[in-house]
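The values are calculated or read from the model by the stated rules, or taken from the named source; none is laboratory data. Please read all numbers here as calculations on a predicted model, not as lab measurements. Here Cβ is always computed from backbone atoms with ideal geometry, including for glycine, and neighbour counts include all displayed protein chains. The protein model used for the area step is the full one, side chains on, heavy atoms only, and it has no ligands, DNA or RNA in it. Shrake-Rupley method; radii C 1.70, N 1.55, O 1.52, S 1.80 Å.
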Amino acid sequence: MAQAKHGKAPGDPGPTMEDLAKLAGVSTITVSRALRDSPLVTEKTREKIRQLASEQGYRFNISARNLRMRRSYSVAVVVEMTPVKGRPMSDPYPLELLGGITQELTTSGYSVVLTSKQLLDTAPVQGADGLILLGQGSHGEAVKALQQTNLPLVVWGAPEDGADYVVVGSHNRKGGASAAERFLEQGRRKLIFLGDVDHAEVQERCAGFIEALSGRATVHILRPKAFTFEAGFECVSTLLKKKPGLACDGLFAASDLLAMGAIRALTEASLRVPDDISVIGYDDTPGAASFVPPLTSVHQYLRDGGVLLAKKMLAMLEGQSVQSEMLPTTLIVRHT
């Protein structure tokens, strides 16, 4: 009776990954990575293992592997934002974070499931090995919802007192402080902070801003309920209409879009930027450099943040102890 190339009778399941590992003289994990085309394995080794798999009639059964390992080898990335015309999903946040996450997870053999808080009950999310949340939500509502899944969780945002989850984010307090220091250097003393402090990251930016001023300037806080150009415009326009004689010479916005909207409102009120009032944004999006006038902004290293989020998640899935970590920020000085 004829036998299959791997030496087993026809009708048998066929060669296993362990069989291929013995033939290739490598570990089983190397075979697994090679068959998933992971760059962690050299091209020469990948080609050797792919050729062996073809010769032996091996088929990579992902479902069987996952069932055996009790893993799906997938991570669900939950984006906590409502896409609107003024703030689409194609903006640097969250796109740059997603790029870093996807790069790191796929290199390690994991698939990425992109979803929202409203779809937590769906099978792809329920079957994921862990969750990465982009944005804590107002008053941490998004975090609370995801914690109920009891899956490993890593959050992009700001650390909060008493929080029992791992956070990766920018050092928002230092970012806020850098804006304050810039205004003080310019002699600006009557300032506006524009941002919804119900969000942990924005609250940190505001706190760092006020702390760095050390009582050397006054701060009027405006709280738009969105992070869009329109929200910035409407919030500042309303303030100027209610208090036409309001004297302010500096405005720090919690996002670039808010800052751009604020500049439009100031310009329409015949205030010159930066002569009459200096404006600083946050995020340093590509649009900041091309805006007229070019916007001074606090730069976040979002792609690096995405890579770090994924590394923290992979470490958690391997049972390692993981700590929260904050990335630096840099004030990019332009014309405003």
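Of note:
- Candidate set from the range 251-263 (those that are in a helix (DSSP H, G or I) and open to solvent by less than 10 Å² (accessible area, probe 1.4 Å)); member that is nearest to Gln300 (Cα to Cα): Asp256
Okay, residues lined up against (1) farther than 22 Å from Gly187 by Cα; (2) at pLDDT 95 or above; (3) crowded, with 19+ Cβ neighbours inside 10 Å:
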{"position": "Lys241", "(1), (2), (3)": "yes, no, no"}
{"position": "Leu246", "(1), (2), (3)": "no, no, no"}
{"position": "Asp249", "(1), (2), (3)": "no, yes, yes"}
{"position": "Ala265", "(1), (2), (3)": "yes, yes, yes"}
{"position": "Tyr282", "(1), (2), (3)": "no, yes, yes"}
{"position": "Thr285", "(1), (2), (3)": "yes, no, yes"}
{"position": "Pro294", "(1), (2), (3)": "no, yes, no"}
{"position": "Leu309", "(1), (2), (3)": "yes, yes, yes"}
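- Leading residue by the ranking (farthest from Ser108 (Cα to Cα)) among those in the range 20-44 that are touching a residue at least 24 places away in the same chain (Cβ under 8 Å) and open to solvent by 50 Å² or more (accessible area, probe 1.4 Å): Leu23
- Among the residues making up the range 92-125, those that are out of contact with any Ser or Thr (no Cβ under 7 Å at 6 or more places or on another chain), among the polar types (S, T, N, Q) and farther than 26 Å from Gln148 by Cβ are Gln103, Thr106, Ser108.
- When the range 156-174 is limited to residues that are within 18 Å of Tyr93 (Cα to Cα) and not β-branched (Val, Ile, Thr), the one that is surrounded by the fewest Cβ atoms within 10 Å (Cβ to Cβ) turns out to be His171.
- In the range 142-184, the residues that are in contact with a Pro (Cβ under 8 Å, 6 or more places away or on another chain) and of a type in the set (Val, Ile, Thr): Val167
- Failed item in (1) over 27 Å from Asp284 (Cα atoms); (2) open to solvent by less than 10 Å² (accessible area, probe 1.4 Å); (3) at pLDDT below 90, with Gly130 passing the rest: (3)
- Among the candidates Phe229, Phe209, the residue that is touching a helix residue (DSSP H, G or I) at 6+ places or on another chain (Cβ under 7 Å), within 21 Å of Met326 (Cβ to Cβ) and surrounded by 17 or more Cβ atoms within 10 Å (Cβ to Cβ) is uniquely Phe209.
- Evaluation of Leu191 against (1) in contact with a strand residue (DSSP E or B) (Cβ under 6 Å, 6 or more places away or on another chain); (2) more than 22 Å from Met316 (Cβ to Cβ); (3) open to solvent by 50 Å² or more (accessible area, probe 1.4 Å) (one fails), failing number: (3)
Okay, residues lined up against (1) at pLDDT 95 or above; (2) among the acidic types (Asp, Glu); (3) surrounded by 22 or more Cβ atoms within 10 Å (Cβ to Cβ); (4) under 17 Å from the mean Cα position of the chain (by Cα):
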| residue | (1), (2), (3), (4) |
| --- | --- |
| Val298 | yes, no, yes, yes |
| Gly305 | yes, no, yes, yes |
| Pro328 | yes, no, no, yes |
| His335 | yes, no, no, no |
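- Members of the range 195-249 found to be under 19 Å from Arg182 (Cα atoms) and hydroxyl-bearing (Ser, Thr, Tyr), listed by number: Ser214, Thr218
- Residue selected from the range 202-250 under the condition of a type in the set (Gly, Ala, Ser), in a loop (DSSP other than H, G, I, E, B) and on the phi < 0 side of the Ramachandran plot, by the criterion nearest to the chain's Cα centre (by Cα): Ala226
- Pairs where the first residue, in the range 181-207, is more than 20 Å from Val143 (Cβ to Cβ) and the second is part of a helix (DSSP H, G or I) and of a type in the set (Phe, Trp, Tyr), C-beta under 7 Å, 6+ apart: Leu191/Phe183; Phe193/Phe209
- Lone qualifier among Leu222, Leu153, Leu146 - being closer than 25 Å to Ser324 by Cα, without any contact (Cβ under 8 Å) to a residue 60 or more places away in the chain and crowded, with 18+ Cβ neighbours inside 10 Å: Leu153
- Scanning the range 105-127 for residues that are in contact (Cβ under 8 Å) with a residue 40 or more places away in the chain, among the small types (Gly, Ala, Ser) and open to solvent by 30 Å² or more (accessible area, probe 1.4 Å) gives Ser108, Gly127.
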